[in-house]
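Undergrad: I have a structure I would like to understand better, so I am pasting it below and will then ask my questions one at a time.
The values are calculated or read from the model by the stated rules, or taken from the named source; none is laboratory data. Note that the coordinates shown come from a computational prediction; the quantities given were computed from them, not determined experimentally. Note that we place each Cβ from the backbone using ideal geometry, even for glycine, and neighbour counts take in every protein chain shown. Ligands, DNA and RNA are stripped out before the accessible areas are found, and what is left, the full protein with its side chains, is counted by its heavy atoms. Shrake-Rupley method; radii C 1.70, N 1.55, O 1.52, S 1.80 Å.
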Amino acid sequence: MATQPVKLGEVIVSPEDVREYALVRLPNGLTAMLIHDPEICETEDQPMAAAEDGSDSGSIDDPMDEDSEDGSDDGSDDGSDDGSDGGSDGEEPQAKKASASLSVQVGSFSDPTEVQGLAHFLEHMVFMGTDKFQGENDFESFLTEHGGSSNAYTECEHTNFTFEVQPKHLLAAIERFARFFVAPLLKPDCMDREQQAVNNEFEQTEQNDGNRIEQVMCSQAEPHHPYASFGWGNTKSLVDDPQSRGVDVNAALRKFFNEYYQASAMTLAIVSHEPVAVLEKWAMEHFSPIPSRVGHSPPDFGSHGPPFAPSVLGSRLVVGAVKDRHRLSFTWVLPPRLQEYLLKADGYVEALLGHEGPGSLLSALKDEQLADGLTAGIGENGVELNSSCFLFSVDIKLTAGGLGDLERVAELMWQYIHLASSADPMDWFYQEHRNLAALAFRFRDPEDSWTLVESVSAAMLRYPPEHALVADYLWEPEMNLAAIKRVWEDLVPERVLMTVSSPCDQHGRVLGRELDATEAWFNVPFAIDKLPEQTILKWRENTPPRRQLDLPTPKPLVHTHTSPV
């Protein structure tokens with residue numbers, strides 16, 4: 001067995017990036033990216049103010065409690081500290097901090113059916129003391145004393161832990177942080193409080209329309225599919241249901257940790273002013289003790305197949321909204337094609353359906369005052385992008401007029417899909433977006449320390465570690481016609497899931513439809529109906545598009561022959 005770290009390939013970085021990067025694999029299989037940032041310097045201690053709500057939960061402001069409109073779990077922190085190194089307008093910029101982030105390739109998709117939300121609960125519990133630092137709030141107290149903070153989030157297929165601290169205290173923070181993954185105490189007497197913390201986060205997100213729509217959609221999944229599980233966790237799933245079944249939740253926590261928290265399924269990123277050789281030494285010393293079971297493979301859900309039965313596709317969901325907003329979404333299930341990330345076939349289709357210039361779908365909808373916003377493509381959260389499937393959506397922000405004329409909105413969308421999919425693929429359009437992506441990567445604003453390590457540690461689970469920074473910007477030199485064709489072939493009427501979201505009227509109806517079903521966890525009223533066959537046939541017809549619909553034309557000012565590599 002190896003006793004020294006193995007050097008990996010070079011990280012692809014922007015020519016404008018002043019930081020130095022190194023990639024290593026520790027003897028236990030953990031992959032680490034070590035980053036020297038010359039702009040980080042030691043500063044005097046500046047203790048962080050205590051959280052206003054007095055919470056002593058192990059993770060501050062968990063993104064399972066997000067409030068973004070689309071409900072995506074992007075790992076952002078919506079609380080008192082967003083991990084940013086910069087000051088707000090009118091304030092002196094803060095000194096850059098050192099930061100570290102560790103991601104584990106397991107998430108809520110792996111929850112046992114008898115304790116749903118267990119992955120999220122474990123994310124909280126590892127903060128509650130370790131073999132060497134047994135105080136329940138030792139880590140948070142240390143960080144607060146030294147101008148730092150921490151956060152964690154649970155996604156469908158990974159869990160992330162991140163902290164920042166004043167640079168001269170990084171080593172001591174790493175020593176404490178690493179023990180979370182070596183020997184957490186998982187003490188039973190901490191469970192009640194942390195179960196309540198998880199429940200509080202759930203209650204804060206119950207009224208988020210994006211989350212509610214997503215949960216209703218997932219409730220239609222096949223019972224064996226992980227979409228059908230409840231990853232947020234609350235008192236019912238973590239306390240009441242296990243008790244009624246005689247399940248020992250603490251034993252379930254320990255089993256989950258021992259089975260999935262393996263070094264070979266972990267990625268680590270550290271950034272500070274120390275040379276990468278010093279950071280490598282610290283990583284080796286403190287993260288090598290993390291166990292790694294021989295033959296361990298992270299969970300993969302490709303064998304589960306598509307989440308929805310054919311009987312569910314070709315249907316319309318009507319969902320009661322909390323906010324006075326009207327939304328129409330068309331969603332298709334695509335095979336998982338993560339290994340094709342360089343082809344950017346979905347990016348090409350997304351750019352066509354989502355562009356906003358003359359002749360675009362959005363332009364036509366605005367001209368008829370049917371909508372005032374539109375997005376298209378595959379999102380970044382775990383429901384939309386996972387090893388089981390990808391979800392491609394066209395999401396339209398309707399006006400009141402658009403809500404009253406959904407038939408016309410849908411007609412314009414299908415006409416544009418027919419127009420774009422039947423045209424010869426446009427190489428200039430592909431190259432234009434390839435060049436724009438390369439320019440965006442080269443000249444993007446440098447991330448703060450927190451954002452850098454949090455995003456990199458998660459990206460190394462999804463992409464080759466060398467591509468952790470550049471993967472989303474990197475397009476193959478030539479477009480792949482077959483890959484683009486496969487995406488268009490998936491966007492067909494008979495396999496669409498159409499979702500309408502709007503507030504209920506005084507009779508509890510939306511668009512005159514009684515909402516006769518209720519989602520079990522969020523208590524969302526909804527209804528589902530098969531789309532009429534004549535509607536599917538009409539959408540399938542490749543009728544000539546209206547005059548206001550047209551494909552984009554070249555932009556001569558976009559630089560050519562640009563590459564991020």
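Undergrad: Give me the distance in nm between label points sitting 7 Å out from Cα along the Cα-to-Cβ direction at GLN339 and ASP529, one decimal.
TA: So the label points at GLN339 and ASP529 sit 4.3 nm apart.
Undergrad: Once every Cα of the range 153-197 carries one equal point scatterer and solvent is ignored, give the base-10 log of I(q)/I(0) from the Debye formula at q = 0.16, 0.22, 0.30 Å⁻¹, two decimals.
TA: -0.66, -1.00, -1.04
Undergrad: Follow-up. On a 0 to 90 degree scale, rounded to 10, what angle separates helix 449-462 from the longest Cα axis of the chain?
TA: Around 70 degrees separate the two axes.
Undergrad: Then there's this: For HIS326, list long-range residues whose amide hydrogen, built 1.01 Å from N in the peptide plane, is under 5 Å from its own amide hydrogen.
TA: Amide H neighbours of HIS326: LEU398.
Undergrad: Here's another thing I want to ask about it. Relative contact order, percent, of the chain when contacts are C-alpha pairs under 8 Å separated by at least 6 residues?
TA: That works out to 21 percent.
Undergrad: Right, another one. As an exercise, take the mean of 1/r over every pair of distinct alpha carbons in the range 339-417, invert it, and state the Kirkwood radius in angstroms.
TA: On the way: mean 1/r = 0.0741 Å⁻¹.
This gives a value of 13.5 Å.
Undergrad: With each pseudo-label sitting 7 Å past Cα toward Cβ, what's the SER315-GLU175 distance in nm, one decimal?
TA: Simple spin-label model gives 5.7 nm for this pair.
Undergrad: Report the relative contact order of the range 346-455, percent, no decimals, based on alpha-carbon pairs under 8 angstrom and at least 6 residues apart.
TA: Reported as a whole number, the value is 22 percent.
Undergrad: Subtracting the Cα-Cα distance from 0.36 nm times the residue separation, let me have the gained length for GLU514 to GLU114 in nm, one decimal.
TA: 140.7 nm
Undergrad: Give a residue-ordered list of calculated ³J(HN,Hα) values for the range 155-168 (Karplus: 6.51 cos²θ - 1.76 cosθ + 1.60, θ = phi - 60°; whole Hz; x for Gly, Pro).
TA: Whole-Hz 3J(HN,Hα) from phi for the range 155-168: 9, 5, 10, 7, 10, 10, 10, 9, 9, 9, 7, 4, x, 6.
Undergrad: Taking only the alpha-carbon positions of the chain and ignoring solvent, what does the Debye formula give for the base-10 log of I(q)/I(0) at q = 0.06, 0.07, 0.12, 0.13 Å⁻¹?
TA: Once normalised to I(0) and log-transformed, intensities are -0.32, -0.44, -1.26, -1.42.
Undergrad: Another question, if that's okay. Please calculate how many Å² of accessible area the range 80-231 carries per residue, with a 1.4 Å probe and no DNA, RNA or ligand atoms counted.
TA: Per-residue value: 32 Å².
Undergrad: Next question, about the same structure. Which order do peptides 426-433, 300-307 fall in by mean Cβ count within 10 Å, highest first?
TA: On the way: 426-433: 17.5, 300-307: 15.5.
Going from most to least packed, we get 426-433, 300-307.
Undergrad: Quick one: which residues, 5+ away or cross-chain, put their amide H under 5 Å from the amide H of HIS273? H built at 1.01 Å from N.
TA: ASP37
Undergrad: If you don't mind, another one. On a full-extension model of 0.36 nm per residue, what is the gain between PHE443 and ASP427, subtracting their alpha-carbon distance, rounded to one decimal in nm?
TA: Extending this stretch completely gives an extra 3.3 nm.
Undergrad: While we're on this one: Could you check the spin-label model distance between LYS281 and ARG546? Points 7 Å from the Cα along Cα→Cβ, value in nm.
TA: 6.9 nm
Undergrad: Only helical DSSP H runs with n ≥ 4 go in: add -39500 (n - 2.57) per run for the chain, normalise by residue count and round the 222 nm mean residue ellipticity to 500 deg cm²/dmol.
TA: Theoretical 222 nm ellipticity from helices: -9000 deg cm²/dmol.
Undergrad: First measure r as the distance between the Cβ atoms of ALA482 and ASP324, then evaluate 1/(1 + (r/R0)^6) with R0 = 51 Å and state the FRET efficiency to the nearest 0.05.
TA: 0.70
Undergrad: So, one more: Can you list the lysines whose alpha carbon is less than 22 Å from that of LYS7, not counting same-chain residues fewer than 8 positions off?
TA: Here the lysines satisfying the reach criterion relative to LYS7 are LYS281.
Undergrad: Continuing with this model, one more query. For VAL294 and ILE536 in the same chain, what is the full-extension length gain: residue separation times 0.36 nm, less their Cα-Cα distance, in nm?
TA: Extra length from VAL294 to ILE536 when fully extended: 82.0 nm.
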